[in-house]
Structure formats: C-alpha cells, structure tokens
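All remarks here apply to the structure that follows.
The values are calculated or read from the model by the stated rules, or taken from the named source; none is laboratory data. Keep in mind the model is a prediction, meaning the values are calculated, not measured. With ideal geometry, Cβ positions are generated from the backbone for all residues, glycine too; neighbour counts draw on all protein chains shown.
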Amino acid sequence: MLTAQNLTLARDGRTILSGITLTAQPGEVTAIIGPNGSGKTTLMAALTGDLAPVTGEVTLNGDDIARLSPRHLAARRAVLAQETQVAFPFTVAEILQLGIEAGTGPTDSALIPRLLAEVDLAGTAHRPIHALSGGERQRIHFARALAQARRPRGDQGPMWLFLDEPASSLDIAHQLMVMRRARRFAAEGGGVVTVMHDLNLTAMTADHVILLAEGRLLAAGPPAEVMTDRLLSQAYRCGIRTNRTPAQGPYLLPQMAGA
Ligand SMILES: Nc1ncnc2c1ncn2[C@@H]1O[C@H](COP(=O)(O)OP(=O)(O)OP(=O)(O)O)[C@@H](O)[C@H]1O
Ligand SMILES: [Mg+2]
C-alpha cells in the first residue's frame, strides 16, 4: 500500500501542498486530478520520494520512503515524468536499457522488442529518440517505466508505477492503449498512480480518484463519488455536467454557457 500522512510542501517559500492524507492500493489504478497548478506534479514528486515534504510522511509497502536508498526506491517504483528532456542523442533501445538497468527482475533479448510492441512502436529500437514524434517519445518513456517495473510484484511487495499525464500527447487509440496497459499492470498485482487531465479517460480507467484544488485534497474515492457535477465544477471553476452510459459508466461534458 502507498500512504501519505498530513503532507505539507513548500517551494521558494510558498506553500504548494497542505495537509494531504491519502492511500493508494496495489491492484488498483489511482488517478490524481485537478486544475493546472493545483499541485498534482508536486504531490507525485512527494509520493515518489523526489521532493521532501516540510511535514508528513510517505510510506511505500510499509516503509518510510525518506529512508530508502535510491537503489531500493528504484526497485519499488518507476516514474514517468510530465516532461522528459533527453540531453544526449540516445537511441530508443538505449532509453529502454536505462529502465531495464534501474529495475529488477528477469530480462532477455526479447524484452526490448516486446516493450516496443506494447506501445505500438515495433522496429524503432535503433532510431534516435529525438527523431520520433512527441506522442511517440511519450510512449517510449512509458515503455521505459514499464521496463523498470517489469515485475508488478517483486521480493519487496508490489511494484509501483507513477505516471504524470501519460496520455497527454497521445491520439485517442494510443490513450486507450496506454491506460489499458496501466490497468493490466494493476491487475497483475502492481500499483498505479497516475496524474490525469482527461476526465473522461479518468472515469473509464480509474478505480480510485484523488481530486486536488489549490494544493488541498478536495475529495478522494471511487470515480462515481468524486467525479460529481458539484465537486468537479468547484475544483475546475467551470460548469461540468456528468452523465452515464449503460455500457461505460460516467462521462462528462463541460458546459460552454453559464460557466
Ligand atoms: N520548481 C518550482 N518552484 C517553485 N514553485 C513551483 C515549482 N514547481 C511548481 N511550482 C508551483 O507549484 C504549484 C503546483 O505546481 P504543479 O506543477 O504541482 O501543478 P500541476 O497540478 O501539476 O499543474 P499542471 O496541470 O499544469 O501540470 C504551481 O503554483 C507552481 O507554480
Ligand atoms: Mg503537472
């Protein structure tokens, strides 16, 4: 399990997160939603151990992450950042190799082709990462996180995938592909925490939703409880109407008029 207890975080003397307490369970996809600047990326960085909170504690599978070495952290969680800059002219295979080396678990010569096929980029192993499109690069970085988290359940318990807007540059088919893959990772026993902007994609794929507004937790629970007209309209400060389809559950429509 992942827990955060009373997290407060400041940057440049400004309070960014206040009193955040939450849990996320392995076997589930937990989505963090909220407006631009509400603190989603900052919260992810606190949950992954990349930013130290002023107060509060984060535990991963029962251990305080502040006490885990970088090597132990890498064996328990993989992170897809909101933006990834690659400074060197790495090939796609070299990027995936970074993920493989950071993680633990078996590897074989078919791992890279298998990962590339999973993100619909078979045959790109020898291409420079800079020569791919924005959405293709995003899928490669997702595959790098999967390479690191190749065992959803390891010796140290569940592995955790932290994804910051994994589908933001993707076309609709690849959005579904990436979110299905994240769901499969959870179904295999891993934990997934993902920042999302697309509320419909969130409603379709999340088991648990955490709604942030202005650095505070406004609501947390199943999509049907958190993704309501009232809470979403309050958080995003615009009119949002939710509805349901019999087959797919809730969907949302922003209201152009009367917002
Ligand atoms: N490095 C930094 N130094 C100072 N303030 C920062 C820094 N990074 C983010 N902030 C501030 O913290 C707040 C939350 O930023 P954060 O990146 O967590 O938002 P977010 O919810 O991920 O937004 P978005 O949807 O735009 O990605 C913002 O007000 C931002 O200006
Ligand atoms: Mg962000």
- prompt: Given Arg76, Arg71, which one is basic (Lys, Arg) and either surrounded by 14 or more Cβ atoms within 10 Å (Cβ to Cβ) or under 29 Å from Thr228 (Cα atoms) (or both)?
  reply: Arg76
- request: Select from region 151-167 the residues that are at pLDDT 95 or above and in a loop (DSSP other than H, G, I, E, B) and write down the one among them that is farthest from ligand 2 (Cβ to nearest atom).
  value: Met159
- line: Checked pairs for region 164-176, first of a type in the set (Asp, Glu), second assigned to a helix (DSSP H, G or I) and within 16 Å of ligand 2 (Cβ to nearest atom), C-beta under 8 Å and 6 or more apart or across chains, list as Asp164/Lys40; Asp164/Thr41; Asp164/Met44
message: Condition first: away from ligand 2 (no atom under 16 Å from the Cβ) and not in a helix (DSSP H, G or I). Now tell me which residues in region 176-204 satisfy that.
response: Glu188, Gly189, Gly190, Gly191, Val192
- line: Per the filter on region 119-141, residues assigned to a helix (DSSP H, G or I), out of contact with any helix residue (DSSP H, G or I) (no Cβ under 6 Å at 6 or more places or on another chain) and not basic (Lys, Arg) are His130, Ala131, Gly134, Gly135, Glu136, Gln138, His141
message: Among (1) farther than 30 Å from Arg11 by Cβ; (2) out of contact with any Ser or Thr (no Cβ under 7 Å at 6 or more places or on another chain); (3) not polar (S, T, N, Q), there is one condition Ala235 misses while meeting the rest; what is its number?
response: (1)
statement: Considering region 144-169, residues that are within 16 Å of ligand 1 (Cβ to nearest atom) and out of contact with any strand residue (DSSP E or B) (no Cβ under 6 Å at 6 or more places or on another chain), and then whichever is farthest from Val79 (Cα to Cα), we arrive at Ser169
field: Filtered residues of region 186-201 (kept if surrounded by fewer than 24 Cβ atoms within 10 Å (Cβ to Cβ) and either within 16 Å of ligand 1 (Cβ to nearest atom) or aromatic (Phe, Trp, Tyr) (or both))
entry: Val195, His197, Asp198, Leu199, Leu201
query: For region 62-91, how many residues meet the condition of being among the polar types (S, T, N, Q), within 16 Å of ligand 1 (Cβ to nearest atom) and closer than 24 Å to Ala4 by Cα?
result: 1
- line: Ala81 vs (1) within 13 Å of ligand 2 (Cβ to nearest atom); (2) among the small types (Gly, Ala, Ser); (3) touching a Phe, Trp or Tyr at 6+ places or on another chain (Cβ under 8 Å): all pass except (3)
